[in-house]
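Working notes, beginning with the structure itself.
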Amino acid sequence: MEKSTNSTEHAVIKACKARIKSNPNPASGAGVVMEVYQFKGSLNEAYNAGYLYQPTNTRRITFPKTKTHDRKINARGREVKLWTKDLQEQSQAEQIVGRGLTLRHHGILKALFCSENDQLSKVVLGCTRFNLTLQDWIHNYGTTAIPHGDYLSGQGKDIVRSGWTAVDHIWEKGYTCRDLDKVSSYVMDGGDIKILPFVIDLQLPENKDEQHKLVLRSQFADMLDKHIGPLWGDPEFSELTKMMRDQHASTKAILGHPVLSSTSERQIMYRNADSSMAISGHAKVLKKRVIISAGWVQNAKNADKALANFFKNGYYTADVTGALRFGRKVSCHYAENYVAVNPKTWNRVSKDRADRLLKHVLPLVLCQWYRVTNCMESYTSDLEDGSGTK
């Protein structure tokens with residue numbers, strides 16, 4: 001903290017003392033304890049490099065009641081990136097600090113800087129360890145890390161999983177977020193994304209219902225649609241984000257979505273999809289909600305000799321029932337059909353070939369089936385009166 005030349009105690013320090021007096025923390029020792037930063041260079045950038053000295057251990061740094069100076073910091077801090085905000089008026093600072101004090105133990109309020117006239121000149125809104133902002137990462141590495149292809153890359157999956165898990169974790173811990181639809185609210189930490197601390201708020205009593213949680217999920221889905229989906233360029237991605245906006249989609253169901261699954265897991269899903277047609281109520285909803293290309297049978301015959309071979313010994317209707325039955329048969333018996341029509345090249349069949357073929361012959365069918373069966377509560381109108389699609 002920069003030392004003020006004014007002998008009058010700053011209002012922010014008074015607020016800190018009042019806060020601790022009303023809710024004392026024995027671990028912090030006597031007086032006021034605050035986190036302290038050492039910056040590497042200028043504070044003129046949007047975010048700045050520096051070191052964090054954590055006062056969670058009273059032997060490292062305290063502000064004793066009987067002394068007016070700070071003890072020396074006896075441990076080197078860990079390297080972090082810091083976001084600072086210029087403050088023109090003390091009232092503006094007090095608004096930020098007031099919110100920060102509420103969240104102090106969760107890292108929102110980090111440090112205060114006093115100018116010579118005892119007015120706050122800057123406040124640190126948040127700090128975190130990271131490699132790049134998500135916006136910079138997309139600009140520098142996005143097209144190579146998430147290339148076009150049949151499947152979302154591992155990096156793309158890590159971004160979706162880490163962001164979705166973070167949103168869910170923040171909510172479950174009693175917090176909410178602002179601006180999750182903006183790419184500027186995220187940074188990259190290795191292969192994962194992190195939500196910046198200064199967009200996190202406490203949940204208000206009136207905002208603790210599931211509808212407000214859905215707002216956060218929907219904003220995260222909006223960010224993915226705008227900035228990550230176009231890098232891959234596959235319509236399956238929009239099926240994933242559509243499911244994120246469904247109030248009946250569980251965290252586990254999203255993380256197990258076909259877009260985030262391996263080719264082996266996807267082939268097992270085709271087997272489960274056909275079985276789900278036999279469940280009472282599912283068949284009616286699936287027939288209405290899963291869109292099947294009218295020419296899928298001919299497309300399958302033209303796509304691959306092994307696929308065409310399936311139609312010699314079996315009959316598949318052109319509707320969703322026939323398509324899902326075909327998907328199960330292919331996922332189970334593609335290799336043997338391939339050998340039957342290509343006896344000399346049987347050892348050249350890749351493990352993901354069956355799923356890749358099904359992905360093109362039955363586009364989006366697996367993702368649509370997955371959403372319907374995992375969010376069946378969203379389609380009660382289909383069972384009651386057959387009303388329009390959602």
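Multiplying each eigenvalue of the alpha-carbon gyration tensor of region 140-182 by 5 and taking the square root yields semi-axes of 27, 12, 7 Å, largest first, rounded to whole angstroms. Think of region 310-382 as having a plus end and a minus end, set by charges on the Cβ of Lys, Arg, Asp and Glu; of 311, 370, 350, 350 sits farthest toward the positive end of this dipole. Each principal axis of the Cα atoms in region 246-390 has its own extent, and those three values, largest first, are 53, 30, 21 angstrom.
Over region 151-266, the Kirkwood radius and the radius of gyration, each from Cα atoms, give a ratio Rg/Rh of 0.95.
The charge dipole of region 282-390, taken about its Cα centre with unit charges on the Cβ of Lys, Arg, Asp and Glu (plus for the first two, minus for the last two), comes to roughly 480 debye.
For the pair residue 42 and residue 315, a Förster radius of 56 Å applied to the C-beta separation gives a FRET efficiency near 0.15, rounded to the nearest 0.05. Legend: residue pairs 157/284; 40/226; 329/359, Cα-Cα distance threshold 24 Å; pairs beyond threshold, 157/284; 40/226.
Rule-based calculations on the coordinates, nothing more; no lab input. Nothing here was measured: the structure is a model prediction, and the numbers come from that model. With ideal geometry, Cβ positions are generated from the backbone for all residues, glycine too; neighbour counts draw on all protein chains shown.
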